[in-house]
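The values are calculated or read from the model by the stated rules, or taken from the named source; none is laboratory data. Since the model is a prediction, treat every value here as computed from it, not as a measurement. Note that we place each Cβ from the backbone using ideal geometry, even for glycine, and neighbour counts take in every protein chain shown.
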Amino acid sequence: MPVRRIPKSYRNVTGIHASSKSIDSAMFESTLERDFITLLEFDSRVLEFEVQPVKIEWTDKNGKRRRYFPDVIFKRKTKHGIETFLIEVKYRSDLKEKWDELKPKLKAGLHYAKQQGWKFKIMSEVEIRSVLQQNAKFLQPFIRRGADREGDMDLLDNKLRELKSSTPAKLLGELVQSDWDKAALLPTLWYLVGTRQIRCDLENEALNMNTPIYWKP
């Protein structure tokens, strides 16, 4: 459960992101935080995450006690096992303009994370608003919706298995002729891509009808 209540804001966009991996409500205070949560939700390596999970207390240079609430903690599968990351989400412009103010609390966050055996990272729009995040944002509605008909999944899978590789446009063209029928199959195709049942390069290429796709055994 978040240790700090996220207030309504008239400057930033606040809300709750629908999530199956969040330990509690996946609340956000900005569109950048929302986009980061989208990325966590979509990344198959991420096991779980929590918004504003800890309160870190530190003393400033004047001896005054301060509190700091990092934005997100998440657990991810890596080649070294399961690692925990404590994250602060900030725009590059804020980091530049408010660095003197932010530096002490970020340093406290880094120290706290090291004590716990975690990694501490600052994530800006450069790291968050990637091709993968754009693809995740596009695919998530289809993932939530699910396949319209199980038979459509088998139809697409069997044809792609036969072809081994294709594109969305070519695959649909192999199966049906009318634009109406292609449109009816397309949501299930994107569902299969989003759930990794059809392979493609989601990290480096924005999805479109000519994206190379591959059958996944």
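Taking only region 153-169 into account, find how many residues are exposed (fewer than 15 other Cβ atoms within 10 Å of the Cβ) and basic (K, R).
Of the residues in region 153-169, 2 are exposed (fewer than 15 other Cβ atoms within 10 Å of the Cβ) and basic (K, R).
Scan (1) surrounded by fewer than 17 Cβ atoms within 10 Å (Cβ to Cβ); (2) at negative phi; (3) modelled with pLDDT under 95 for the single condition G146 breaks and write down its number.
Against the list (1) surrounded by fewer than 17 Cβ atoms within 10 Å (Cβ to Cβ); (2) at negative phi; (3) modelled with pLDDT under 95, G146 comes up short only on (2).
Would you mind stating whether K170 is in a helix (DSSP H, G or I), in the same structural domain as E205 (by TED's automatic domain parsing), basic (K, R) and within 17 Å of P217 (Cβ to Cβ)?
When the stated conditions are applied, K170 does not pass them.
Would you mind telling me which numbered condition in (1) touching a residue at least 40 places away in the same chain (Cβ under 8 Å); (2) of a type outside the set (D, E, K, R); (3) surrounded by 16 or more Cβ atoms within 10 Å (Cβ to Cβ) I122 fails?
Result: I122 passes all but (1).
For region 153-207, which positions are under 17 Å from L139 (Cβ atoms), out of contact with any Pro (no Cβ under 7 Å at 6 or more places or on another chain), modelled with pLDDT of 95 or more and β-branched (V, I, T)?
T188, V193, I198
Being outside the structural domain of G81 (by TED's automatic domain parsing), surrounded by 15 or more Cβ atoms within 10 Å (Cβ to Cβ) and in a helix (DSSP H, G or I): is that true of A136 here?
For A136, the condition - outside the structural domain of G81 (by TED's automatic domain parsing), surrounded by 15 or more Cβ atoms within 10 Å (Cβ to Cβ) and in a helix (DSSP H, G or I) - is met.
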